[in-house]
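Here the structure is laid out as structure tokens; the discussion comes afterwards.
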Amino acid sequence: MSRTLYQLDGCPYCEKVADRLDELDVEYETIWVDALHSDRDEVKRVSGQRGVPVLVDEEYGVTMAESDRILEFAEQSYT
């Protein structure tokens, strides 16, 4: 899969991004992360930070965090 969304269960920012990707009919894999920031090594490895959501889109060659940035990217790229 060329798109991966790192998210935390119950995170409203993650849900906002996932809901919009679903509305746009974007296929992506979800990787659920640990609630403890100190245990989010994979998120840090791919994005350089431990916050979520993080979207990795290999097709576009982007890795980005922050829900508003991800939503802006999705609107420009997937519509």
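Quick notes
- Electrostatic tally near residue 79: other residues with Cβ closer than 11 Å to its Cβ, Lys and Arg +1, Asp and Glu -1, net -2.
- Residue among 13, 28, 60 with the largest mean-square fluctuation in a Gaussian network model of the chain, springs linking Cα atoms under 10 Å: 60
- Taking Cα atoms only, the orientation of helix 12-23 departs from the longest principal axis of the chain by about 30 degrees.
- The stretch 3-46 - Debye-derived log10 I(q)/I(0), Cα point model, q = 0.21, 0.24 Å⁻¹: -0.70, -0.86
- Computed with a 1.4 Å probe over protein heavy atoms only, the accessible surface of the chain comes to 60 Å² per residue.
- Environment charge at residue 12 (Cβ cut-off 15 Å; Lys +1, Arg +1, Asp -1, Glu -1): -3
- Summing charges over all other residues whose Cβ lies under 12 Å from the Cβ of residue 57, with Lys and Arg as +1 and Asp and Glu as -1, gives -3.
- As computed over the stretch 10-79, the Cα convex hull volume per residue (Å³): 83 Å³
- Taking only protein heavy atoms and a 1.4 Å probe, the accessible area of the chain is 43% carbon and sulfur.
The values are calculated or read from the model by the stated rules, or taken from the named source; none is laboratory data. Keep in mind that this is a model prediction, so the values were computed, not measured. Please note: Cβ atoms are built from the backbone with ideal geometry, for glycine as well, and neighbour counts cover all protein chains shown. These accessible areas exclude ligands, DNA and RNA; they are computed on the full protein's heavy atoms, side chains included. Shrake-Rupley method; radii C 1.70, N 1.55, O 1.52, S 1.80 Å.
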